[in-house]
1. Go through A:His145, A:His108 for me and flag whichever is touching a residue at least 40 places away in the same chain (Cβ under 8 Å), closer than 24 Å to B:Tyr519 by Cα and surrounded by 23 or more Cβ atoms within 10 Å (Cβ to Cβ).
2. For the range B:518-530, what are the residues that are in contact with a helix residue (DSSP H, G or I) (Cβ under 6 Å, 6 or more places away or on another chain), in a helix (DSSP H, G or I) and not aliphatic (A, V, I, L, M)?
3. Go through (1) in a helix (DSSP H, G or I); (2) away from chain A (no Cβ under 14 Å) and name the single condition B:Glu666 misses.
4. With the requirement that a residue be of a type outside the set (Asp, Glu) and either in a helix (DSSP H, G or I) or in the same structural domain as B:Ile282 (by TED's automatic domain parsing) (or both), what does the range B:475-495 give you?
5. Cβ-Cβ under 7 Å, sequence separation 6+ or interchain: first residue in the range A:1-22 and more than 9 Å from chain B (Cβ to nearest Cβ) and at positive phi, partner surrounded by 15 or more Cβ atoms within 10 Å (Cβ to Cβ) and of a type in the set (Val, Ile, Thr). Which pairs?
6. Might you check whether a residue that is under 25 Å from A:Lys162 (Cβ atoms) and within 13 Å of chain B (Cβ to nearest Cβ) occurs anywhere in the range A:93-107?
7. For the range B:724-739: of the residues being more than 10 Å from every other protein chain (Cβ to nearest Cβ) and not acidic (Asp, Glu), which is farthest from A:Gly69 (Cα to Cα)?
8. Restricting to the range A:51-90, and then to whatever is without any contact (Cβ under 8 Å) to a residue 12 or more places away in the chain and away from chain B (no Cβ under 14 Å), can you tell me which residue is surrounded by the fewest Cβ atoms within 10 Å (Cβ to Cβ)?
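The values are calculated or read from the model by the stated rules, or taken from the named source; none is laboratory data. These figures come from a predicted structure and were not determined experimentally. Counting neighbours? That spans all protein chains shown, and the Cβs are built from the backbone with ideal geometry, glycine included.
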Amino acid sequence: MNERIIPWQPTVIAGPKQAMLVTPETAKMMLKKAKRPLFVIGPLVTGDPIMKLTMDISEHWDLPIVTTGDAYKTFGDRGIKTTRYGVVEIVNLLKDPDWKGIKGEGQHDLVMFIGCIYYIASQGLSTLKHFAPHLKTLTICKFFHSNADASFPNMNDDEWLKYLEKMKSD
Amino acid sequence: MIIVAPKDFKEDFWKSKDIKISIGDIVQDEVSGESGEPVEMGPTPKPHVTDLREWDMKLMERYEPFYAPFCDMCCLCTYGKCDLTAGKKGACGIDIKAQQARMVLLACCIGAAAHSAHARHLLEHLIEKKGNDFPIDLGMNIDIEAPIIRTLIGKAPKTLGDLREAMDYMEEQNLHLLSACHTGQEGSSVDFESKALHAGLMDNLGKEIGDIAQIVALDMPKGDENAPLVEMGMGTVDRDKPIVLCIGHNVSSGAGVIDYVEEEGLEDNVEVCGICCAAIDITRYNQHAKVIGPISKQLKFIRSGVADVIVVDEQCIRTDVLEEAKNNQAKVIATTDKMCLGLPNLTDEDADKIVAQLINNQIEGALILNSDKVGEVATKVAMQIADDRGMLKLLPDMDEIQELAKECTECGWCTRVCPNSIPIMEAVMGASEGDFSKMEALYDNDVCYTCGRCEQECERDIPIMSMMAKIGENKLKEQRFNMRAGRGPIQDVEIRKVGAPIVLGDIPGVIAFVGCTNYPEGAQDVAKMAKEFLERNYIVVTSGCGAMTIGEYRDEEGNTLYEKYSGDFDAKGLVNVGSCVSNAHIPGACIKIANIFAKKPLEGNFEEISDYILNRVGACGVAWGAYSQKAAAIATGVNRWGIPVVLGPHGTKYRRLYLGRTDKEETWQLNDMRTGNVVNGEPAPEHLLYAAENREEATVEIAKLCIRPNDTSKGRQLKLNHYIDLHKKYFGTIPEDVYKFVRVQKDIPITYKKDVMDILEEKGWEPRAIPQEPSIRDFKEEPKKKANGK
Ligand code: SF4
Ligand code: SF4
Ligand code: SF4
């Protein structure tokens, strides 16, 4: 089996439905298609270059940011205002088709994740896989997340940085 | 227990409300409160599976179950495997939600069974030793002993034999609950949840039975706030002596070893030590025993080969302990029906014969179901093999470690299979160059809890666990800590003193650190959280592996938190109640607040008590490293009593949380039982079962989860002050949701007045009524009016 698409922690494999492996190009297609995308950033994003890249990506695609864990502070310290939720709280809201979304404009239709602790993210993605047919999930960590709808493969840092660089433009 | 024969009937017997007539005996429901006055039996004595369902539904209206399926499939019957992904149902008709809830119920039943079978074994063992009529006497300061039994069974147990009634009830309930997991029984996720909550409650009951039995019969500390400090850590064991290690939870076999060592006057010749709750309970029995530490120490210590004899009883023990022991020629004695390990049952064999067979390697180990014999055999074997084992070289030396590490191909699979993805590959690579610092960093604070998954994955068979054990050997001197011996229940006099400050909010909260060691980033996080709340005047309660973990931390001055803080159940108290079964005293203390402070009768009165706790007792459980089914049952049980719990990130793998929705304002309305008004409430507590991603998030959440609708303005100020402080510390800002918790201006903490006022203005805040008797239960009659309701 292709090592790049065995879930990073192999035992999170949950069943027959597996994420689609995506390149930055496909990920960008998803963002382009989305009407109300959301960017969820976890506490593993602690410094540059990743932080800068996530900020650039969010700016380019005009993505509202939700921070989980204590990432709110990491970003706040850099002057970036985000909305803070526990990862289980934001997933709980995202699974409700009637939730009005971060801006009160309506439920999101695409949620892109980066930097959440792998196994709790995997559990949250599982919730959304089962209970949120109204949205798609995309993960751009350097780890393959089988519970997402679409995920980057397992990668080393160099390759990952290149992937993220590509996400900054159309 | 009071069973009144017909000739003794009181005059008003025939008027009493709840006359239970069963074949064979007539029981008058006469029970006593603190004053000794008879009190009326409440509506739900010995509640059956469905009797508290209405309460569960009320809880779940607010705290809807949140499911995170751990597996998309079901493989419970031969129709399966069934794929339940995204709306598909199994061949039996079950959907993914109900399946998750079923798995939660199953976990809670297993947990409740583990605690309660342990309790049953202890109870029968102790009745055999001490007699049926051995009194349950917890000393001068505890009159309301057994608050859980009183509430659920409807009477106070007076003797060991009386505990059997509660045990019988619990076992029957657990049987019904387990049966609901069978294919084609329950089909509704919320009903599975209601059953899981019942299983959790039964778990709490079983634990109380077990701990009360052992406290009274083995004369363990009875709510003693000055329980002694006991030595803890791998460095406290004298390696030159024969060593008996007890692992597990059931004190009887460890007590057997201690008794034998004392009877033979061998205290100075043999070391008796323990890992996990067995360690806590043997030190409650005898303070000369030593605590190695929590369950995270297990493989490290076994691999080190220091223990000559390993006595295993039940729960949380490595199931490959025999194989591990064989590798270093230690002997294993299994002592309970829960874990026999394929060993020959030599219970009826002569002790010296067993000793001979073990030391001559005729048998790999022995199953001995008699604690006295366990004590004799374990001690004699340890004394006879210790010298020879001392000559064995069990661990590689540092040069060898370096050579072994050079085999590493940098495949990375060790890190990938690690539950916490810790950088173990980098540590191995470092060791290959003679730099052991990375490995040491993972050894410290159990960042690596030696689960062994990496080692078995390694394509070059690098013995990573033995390397870890060797690293630990070099750090023995540092591994000397202490812990206050488990004190058991909270005294009535303490409850009288702190009841009002807790309910009114002057003591900002009671926080209980319990559970296992599946810590996401090492053990220190728990001690750091405990320290944070101790410094802020909270009452910190702990038990089990949590209590040991807290003891393993030293502050800047080199003190453990047990050295620094008293064992009082009071502000700034650090209260170690004891082992896993002692957890029962934590909801027990909350129940006693309702009873002693608020004079709520307990007997048969579960709903009223839980409603009181949910709305007025600012308690919060934290199970940061919860991994076991027991922890699932403990948390679910205390949730039913109205106590919120915060789990670590691994807690999401339990598949279910109970989360509140602050955006759904209608779910927070409260019935004010005093005025008959429906009032707008607040998200307090916001969640019932929460999982945080890291310590920082958890700390802020814990402070918030101590807020209760009943707080006075002074109490609310205090609680908000801590919440805002911690939010600033860990998130950098004043929390935006603070306006939700301000009912009137007087609730605003002075220090943050301006900031909070700004937020109130921005949010268009308006003052609202403070309920006098907040409740989520229905009014007995129709409410008078709707005030402030939207
Ligand atoms: S119990 Fe139901 S879902 Fe599970 S395998 Fe059997 S038929 Fe399938
Ligand atoms: S033994 Fe330690 S490093 Fe290895 S998988 Fe377990 S926790 Fe991770
Ligand atoms: S699994 Fe073994 S070979 Fe692979 S990186 Fe880890 S230690 Fe090296």
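1. The unique qualifying residue is A:His145.
2. Passing the criteria: B:Gln524, B:Asp525.
3. It fails just one condition, (2).
4. B:Leu476, B:Lys477, B:Val493, B:Ile495
5. Taking only residues 6 or more apart or on different chains, not a single pair turns up.
6. Taking every residue of the range A:93-107 in turn, none turns out to be under 25 Å from A:Lys162 (Cβ atoms) and within 13 Å of chain B (Cβ to nearest Cβ).
7. Among those that are more than 10 Å from every other protein chain (Cβ to nearest Cβ) and not acidic (Asp, Glu), it is B:Tyr739.
8. Going through the qualifying residues, I end up with A:Asp62.
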